[in-house]
Amino acid sequence: EAAKEYHQLSIEVKEAFCEEFVSPRGRLAVDTQTAYTLVLFMDLVPEKYKGRMIEALRANLEKNKYYLKTGFVGTPYLCRVLSENGYNDLAYRLLLNEEFPSWLYEVKLGATTIWERWNSLLPNGKFGELGMNSLNHYTYGSIVEWMYRNMCGINPLEEYPGFRRIRLAPQPDKQLQYAKAAVYTAAGLYESGWKYEGNRLHYTFSIPFHAQADLVLTNADSNTKIGRASCRER
């Protein structure tokens, strides 16, 4: 009964949202990266409008020279939305930007913790705005979830609690030559990695004993070769 009630509520929320913020042809009233990101991530519009929404998000990024203009609300989902809607390359581009505002802007200034603001520290070494300016704050560290879920593809499945079975769907891009992620779960240790060697792309995976994974390789073709699986103790 609770499921039916909340399902009906979700339908009503989406209808009210679209009536207020989406035109009859699918134009979003708020032209910001965060607005497009939340609409797509939270599935707030009909399927027929999603193509226009993701293209509007891409155009917004282009207008901003492919730098993000998101805060606490939009940043956790921006790269995930891009990777899951045909613009995986732009997600990597955002990750690898080095100028403000970006993650590597902080790294280049010597950051070993994650800041509360994109410009908590200025290029001259002085602090940015002093109000709300922690240098050890999770905020934009949410990019790491994208690294696990999309870059390396480790995703739990709702119908299999405790990671007894996962969806393993890595999304590599040549802007980064290799990546590897590992996560301890109630089912054991999962590992997912990939690396480019010339025109070849190599994957390596480790699945816990008595666990399963649905492997999805979106860029695989007829030349894909699968090596032998092995079992080892941990």
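Tabulated values for the structure
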| item | result |
| --- | --- |
| Label zone at Tyr160 (point 7 Å along Cα-to-Cβ), backbone N below 16 Å, the range 178-210 | 183-192, 205-210 |
| Net charge over other residues, Cβ less than 14 angstrom from the Cβ of Trp146 (K, R count +1; D, E count -1) | -1 |
| Computed lengthening from Gln212 to Leu9, 0.36 nm per intervening residue step minus Cα-Cα distance | 69.6 nm |
| Length released on extending from Ala182 to Arg25, taking residue separation times 0.36 nm less the Cα-Cα span | 52.2 nm |
| Rounded if a/c under 1.5, otherwise prolate or oblate - the range 123-202, Cα gyration tensor axes | oblate |
| Listed peptides 7-14, 103-110 by packing density, highest first (mean Cβ within 10 Å) | 103-110, 7-14 |
| Tensor-based shape of the range 91-165 (alpha-carbon gyration tensor, a/c under 1.5 rounded, otherwise prolate or oblate) | prolate |
| Cβ charges +1 (Lys, Arg) and -1 (Asp, Glu), total dipole of the chain, debye | 800 |
| For the chain: rounded, prolate or oblate by the Cα gyration tensor [a/c cutoff 1.5] | oblate |
| Count of Lys pairs (Cα-Cα under 16 Å; at least 8 positions apart or interchain) in the chain | 7 |
| Net charge, Cys79 excluded, C-beta distance under 15 Å - Lys, Arg +1, Asp, Glu -1 | +1 |
| Relative packing of 15-26, 44-55, which averages over residues the other C-beta atoms within 10 Å, highest first | 44-55, 15-26 |
| Alpha-carbon centroid distance for the pair the range 1-77 / the range 92-106, whole angstrom | 24 |
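Read-outs throughout are calculated quantities, based only on the coordinates presented, and are distinct from any laboratory measurement. On a predicted model such as this, the values are computed, not experimentally measured, just so you know. Every residue, glycine as well, gets a Cβ built from its backbone with ideal geometry; the counts of neighbours run over all protein chains shown.
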